[in-house]
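Reading through the structure tokens given below for one structure.
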Amino acid sequence: MINSKLPEVGTSIFAVMSKMANDFNAINLSQGFPDFNCSNELIELVHHFMKSGFNQYAPMPGTQELRRQISLKVKKNYGRDYNIENEITVTAGATQALYAAFSSIVNPGDEVIIFEPAYDSYVPAIIANGGIPVSIKLDANTYSIPWDKVVKSINKKTRCIVFNSPHNPTGTILTENDILRLIEIIRETNIFLVSDEVYEHIIFDKNNHLSFSKYDELAKRSFVISSFGKTFHTTGWKIGYCCAPEYLTKEFRKFHQFIVFAVNTPIQLAIAEFLKNEKNIYSLPDFYQSKRNLFASMLNDSKFIIRKCDGTYFQLLDYSKISDKNDLEFSEYLTKEVGVAVIPLSPFYKNGSSEKLIRVCFAKNDNVLKLAAKKLSKV
């Protein structure tokens, strides 16, 4: 018998729904990955570095070339000058970075505040390190942070607060008022922050991404985590990074080196080269906003209520006018009977949710979005 450290953890809802989509030949709007390929130029760059012999271990923190380009990108976007030698680490995707960050700071009995609905990797990583997740539900209508509840939840055991903006699954973003309130709350504390910013370049309607890197009071205590998988349509490559001050990075790398040691070399070098052309990043908002708008416009005459989406490539749909089924049952119905696989929202909550909401991914070819919207509009 194994005394499981994660007794309540089963198969991820993303894997479950993707398998159901395959089994029933449904359009897969469930798992968050594009159905279109990445740039041919980027593929050729990977090929170039493979053919050129860069196929052995990269340095443990990441290649110097990629860390330099990350530093330049962050400095340009957010004004923070992270040192490439001791403040930037290239990781095997954001999920690995998150795990290493929690491992760096969470000790048995420490409390970690998360906001629900929450991405499903946070809680297992906190628990595996002996931490106690403290869940605070976002406002049911706006998915804004209830700061009064945050203040009431903080005590001597509070070690860390986890943020995610743009937010998966709701598509909301932090505002300047959120940042100011957070700074006010934590200023006289020793609380650390984990800022999951993997959708930083997918933000709509001329809004700006408010990275924790921008603010001295936040940056000095934050692991700021992002992902090239989301930015360059390469989720299968699993390349992310973590920016943090030297004292946090030192601890972070102790775990990073024994989880993966280093991330594959040729892709790091290819991404470093690809980052030199700014259009490869800054065209993303318009690209995905057009897909958001296309999908939403085709559902205007449906019975679904379209929730506001400020970023990410996810859209929440309220089906309260359609069915009394819970979200798991309704998602199964859509997949098996309607032919569109979606994600129920309740798995993003520790104790489930009674909300009539599903999440769809619009990082798909336009023809796929049109066909999926046509099927959903008949429900």
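The values are calculated or read from the model by the stated rules, or taken from the named source; none is laboratory data. Not measured: the values here are computed from a predicted model. Neighbour counts are summed over all protein chains in view; Cβ atoms, including those assigned to glycine, are modelled from backbone coordinates with ideal geometry.
The single condition among (1) surrounded by fewer than 16 Cβ atoms within 10 Å (Cβ to Cβ); (2) among the polar types (S, T, N, Q); (3) under 26 Å from Y199 (Cα atoms) that S320 does not satisfy is (3). Taking the listed residues I27, I70, the one that is of a type in the set (V, I, T), surrounded by 14 or more Cβ atoms within 10 Å (Cβ to Cβ), at pLDDT 95 or above and under 26 Å from K291 (Cα atoms) is I27, with no other qualifying.
Contact annotation: residue pairs with Cβ atoms under 6 Å, 6 or more positions apart or on different chains, pairing a residue in the range 172-195 that is in contact (Cβ under 8 Å) with a residue 24 or more places away in the chain with a partner that is of a type in the set (S, T, Y) and surrounded by 16 or more Cβ atoms within 10 Å (Cβ to Cβ), are T172/Y143; I173/S165; L174/S165; I191/T158; L193/S222; S195/S222.
Answer yes if at least one residue in the range 291-298 is basic (K, R) and closer than 30 Å to I70 by Cβ, and no otherwise. There is at least one residue in the range 291-298 that is basic (K, R) and closer than 30 Å to I70 by Cβ. If you go through the range 51-61 one residue at a time, do you hit one that is under 20 Å from H201 (Cβ atoms), touching a helix residue (DSSP H, G or I) at 6+ places or on another chain (Cβ under 8 Å) and crowded, with 21+ Cβ neighbours inside 10 Å? The answer is no, given that none of the residues of the range 51-61 is under 20 Å from H201 (Cβ atoms), touching a helix residue (DSSP H, G or I) at 6+ places or on another chain (Cβ under 8 Å) and crowded, with 21+ Cβ neighbours inside 10 Å. Within the range 155-190, the set of residues being of a type in the set (V, I, T) and buried (at least 17 other Cβ atoms within 10 Å of the Cβ) comprises T158, I161, V162, T170, T172, I173, I179, I186.
So is E87 charged (D, E, K, R), out of contact with any Leu (no Cβ under 6 Å at 6 or more places or on another chain) and crowded, with 19+ Cβ neighbours inside 10 Å or not? Judged against the criteria, E87 is a match.
Of all residues in the range 346-362 being at pLDDT 95 or above and touching a helix residue (DSSP H, G or I) at 6+ places or on another chain (Cβ under 7 Å), which is surrounded by the fewest Cβ atoms within 10 Å (Cβ to Cβ)? Residue satisfying both the conditions and the ranking: K356. Could you check the range 285-314 and list, in sequence order, the residues that are more than 17 Å from A372 (Cα to Cα), in a loop (DSSP other than H, G, I, E, B) and of a type outside the set (S, T, Y)? Matches in the range 285-314: R307, K308, C309, D310.
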